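Below is one structure, written out as structure tokens, with a few remarks after it.
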Amino acid sequence: MSTSVETRFPQGPKGSLLSGNLLEYRKDPLGFLTDLQKNYGGAATIRLGPQKMYVIYDPALLKEVLLTKHEHFIKLKAFQEARLFVGDGVATSEGEKHKRVRRLIQPRFTRAHIQKYARQMAEIVDRELNTWKPIDCRMLTDDLSNITFAIIARTLFSLEGNQHSRSIREPYELINRMCAERMRSLAAVPLIIPTAKNRSYKAALKALDQAVYDIVKERKMNAGVGEGDLLSVLMAAKNENGEGMTDQELRDELMIMFIAGHETTANALSWAFLFIMQHPDVQEKLYEEWDRILQGEPPTEETYMQLTYTQNVIWEAMRLRAPTFFTGRSAVRDVEIGPITVKKGQSVLFSPYAIHQNPTYFPDPLTFRPERFENDLLKKIPQFAYIPFGGGPRGCIGNHFAMLEMVIILSMIGQRYRLSLTPKHPPIEMEPLLTLRPKNGIEIIVDNR
Ligand code: HEM
């Protein structure tokens, strides 16, 4: 497979006259995005309905879009649908507004700052694990979502997760599915038309909206609560005119943290546990590392750094099952990306899921092998060849937070319990919604280690 673009205009699959490649994409997004790389190399041209787009795989091209020429792009226009529920927070806003909020909250997400959350994270996992019993049959995917939600709620907003988990996670389930469906559709039925689906979508949007507004309202009534947390930083912020954020702006920022911060992490962990269950040799190496370094204790700020094999297991799980399996940008003016002229308004897509299967950087790409990350692999391959957290000024703000949290959850569960799939568990398929999740969840039997 070539990793550079040899043609002036990247080639692509022909597709049908009216819908272009949309049907192939809708039928199997992951297969479609992976095959493009195999067939066309560093970049491909596709058409989703009337829209001509580029899909890029070459790390050098990706670097231009995400880093060196990032100011020529905004977030993918197709993500407008997601704005219906996430609003205009740091992940969706643009220009000055984005810069201002990102600058404001960035110090809360530095590697040094998030170390302080290690103890709180461990307390939440411990509390959850105290409700597990040997020979329990559990839905692992739900348990992990509960834990990651509670961690965001507590560390960033000083909230008890259980209290808000249902009111946010329940409507979000339906929204996630509907939003992904509408984004993939060429002609989604306008929400104003009261079909049964639209009505339940709108009801879920309203419920989610209300749940997050309630949190803002509650905090405003309880001055002094959560001093120094992310919500207090957002509430104290002033714009250039000396005005604070409106309730809607606060709601938008909270919403994005809840949504971006809990589901991705729960999915990455679900896949990591599944790979571990399928690879007893990896499990044994994890036990060895935990016994040597943790000796039954949760990771701390200090021991976290020593858990290199655990981190590699997570890196490898995210290589094969990148939770953000695709994303993209739309050009705000004509711009040259390598040999490609991207016209104003055109979009460039990229798929971490597919990019991570490039055999040039990841030999035998479909094999789960955490050892490949040893000896500084990430320093030896090109920047942007491995991008579970994206990159550049719009890369994931929560990357260090997520890594710390995943290492803590994985090692605390793994030290106490041995997980196995329930007997006759159906094969676990990938379900590409807004993020890449295990379809129908992962049901497990829990036993003492
Ligand atoms: C395994 C877990 C996670 C993965 C795989 C992940 C992945 C990503 C990716 C790929 C992007 C960039 C999307 C793009 O370029 O279009 C992103 C952005 C973002 N992520 Fe994460 N994320 C994770 C966890 C988190 C956590 C824990 C938080 C918050 C606590 C978070 C908050 C955000 C925010 C706010 C953005 C938008 C940044 C901006 O536009 O400036 N993420 N994430």
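Taking first residues from the stretch 162-188 that are at pLDDT 80 or above and partners that are small (Gly, Ala, Ser) and exposed (fewer than 15 other Cβ atoms within 10 Å of the Cβ), the Cβ contacts under 7 Å between residues at least 6 apart in sequence or on separate chains come to Leu174/Ser200. Residues in the stretch 257-286 that are open to solvent by 10 Å² or more (accessible area, probe 1.4 Å), assigned to a helix (DSSP H, G or I) and farther than 14 Å from Arg321 by Cα: Met257, Ile259, Ala260, Gly261, Met277, Gln278, Pro280, Asp281, Gln283, Glu284, Lys285.
Would you say Leu349 is away from the ligand (no atom under 15 Å from the Cβ) and hydrophobic (A, V, I, L, M, F, W, C)? It is false that Leu349 is away from the ligand (no atom under 15 Å from the Cβ) and hydrophobic (A, V, I, L, M, F, W, C).
Of the residues making up the stretch 186-235, those that are among the hydrophobic types (A, V, I, L, M, F, W, C) and surrounded by fewer than 11 Cβ atoms within 10 Å (Cβ to Cβ) are Ala187, Ile192, Ile193, Ala196, Met221, Ala223. Residues in the stretch 89-101 that are assigned to a loop (DSSP other than H, G, I, E, B), open to solvent by less than 50 Å² (accessible area, probe 1.4 Å) and either more than 8 Å from the ligand (Cβ to nearest atom) or of a type in the set (S, T, N, Q) (or both): how many? The total comes to 2. For the stretch 332-352, the criterion of being open to solvent by 40 Å² or more (accessible area, probe 1.4 Å), touching a residue at least 60 places away in the same chain (Cβ under 8 Å) and touching a His at 6+ places or on another chain (Cβ under 9 Å) is met by at least one residue. Test Tyr361 against the criterion of being among the hydroxyl-bearing types (Ser, Thr, Tyr), on the phi < 0 side of the Ramachandran plot and open to solvent by less than 30 Å² (accessible area, probe 1.4 Å), and give yes or no. Considered against the rule, which asks whether it is among the hydroxyl-bearing types (Ser, Thr, Tyr), on the phi < 0 side of the Ramachandran plot and open to solvent by less than 30 Å² (accessible area, probe 1.4 Å), Tyr361 comes out as no. Using the structure shown, decide if Asn239 is at negative phi and free of Cβ contacts under 8 Å to residues at least 12 places away in the same chain. The answer is no for Asn239.
Apart from one condition, Tyr54 fits all of (1) away from the ligand (no atom under 14 Å from the Cβ); (2) at pLDDT below 95; (3) not in a helix (DSSP H, G or I); the exception is (2). Based on this model, can you work out whether Glu289 counts as at pLDDT below 95 and not aromatic (Phe, Trp, Tyr)? Criteria not met by Glu289. Taking the stretch 57-88 as the range and being out of contact with any Ser or Thr (no Cβ under 9 Å at 6 or more places or on another chain) and near the ligand (Cβ under 9 Å from one of its atoms) as the test, only Leu66 passes.
Select from the stretch 63-88 the residues that are touching a strand residue (DSSP E or B) at 6+ places or on another chain (Cβ under 6 Å) and assigned to a helix (DSSP H, G or I) and write down the one among them that is modelled with the lowest pLDDT. Among those that are touching a strand residue (DSSP E or B) at 6+ places or on another chain (Cβ under 6 Å) and assigned to a helix (DSSP H, G or I), it is Lys77. If you go through the stretch 312-330 one residue at a time, do you hit one that is assigned to a helix (DSSP H, G or I), farther than 30 Å from Glu71 by Cβ, open to solvent by less than 20 Å² (accessible area, probe 1.4 Å) and more than 16 Å from the ligand (Cβ to nearest atom)? Among the residues of the stretch 312-330, not one is assigned to a helix (DSSP H, G or I), farther than 30 Å from Glu71 by Cβ, open to solvent by less than 20 Å² (accessible area, probe 1.4 Å) and more than 16 Å from the ligand (Cβ to nearest atom), which makes the answer no. Residue pairs whose Cβ atoms lie under 6 Å apart, separated by 6 or more positions or on different chains, with the first residue in the stretch 84-108 and within 20 Å of Ala180 (Cα to Cα) and the second of a type in the set (Lys, Arg) and more than 10 Å from the ligand (Cβ to nearest atom), are Thr92/Arg83.
The listed residues are Ala122, Ala82, Ala153, and the only one of them that is under 30 Å from Leu419 (Cβ atoms), open to solvent by less than 40 Å² (accessible area, probe 1.4 Å) and in contact with a Leu (Cβ under 9 Å, 6 or more places away or on another chain) turns out to be Ala153. Candidates Lys439, Lys379: the one that is away from the ligand (no atom under 16 Å from the Cβ), closer than 18 Å to Phe325 by Cβ and open to solvent by 30 Å² or more (accessible area, probe 1.4 Å) is Lys439.
The values are calculated or read from the model by the stated rules, or taken from the named source; none is laboratory data. Since this is a predicted model, take the numbers as computed values, not measurements. So basically every Cβ, Gly included, is an ideal-geometry build from the backbone, and we count neighbours across all protein chains shown. Keep in mind that these areas ignore ligands, DNA and RNA; they rest on the heavy atoms of the full protein, side chains included. Shrake-Rupley method; radii C 1.70, N 1.55, O 1.52, S 1.80 Å.
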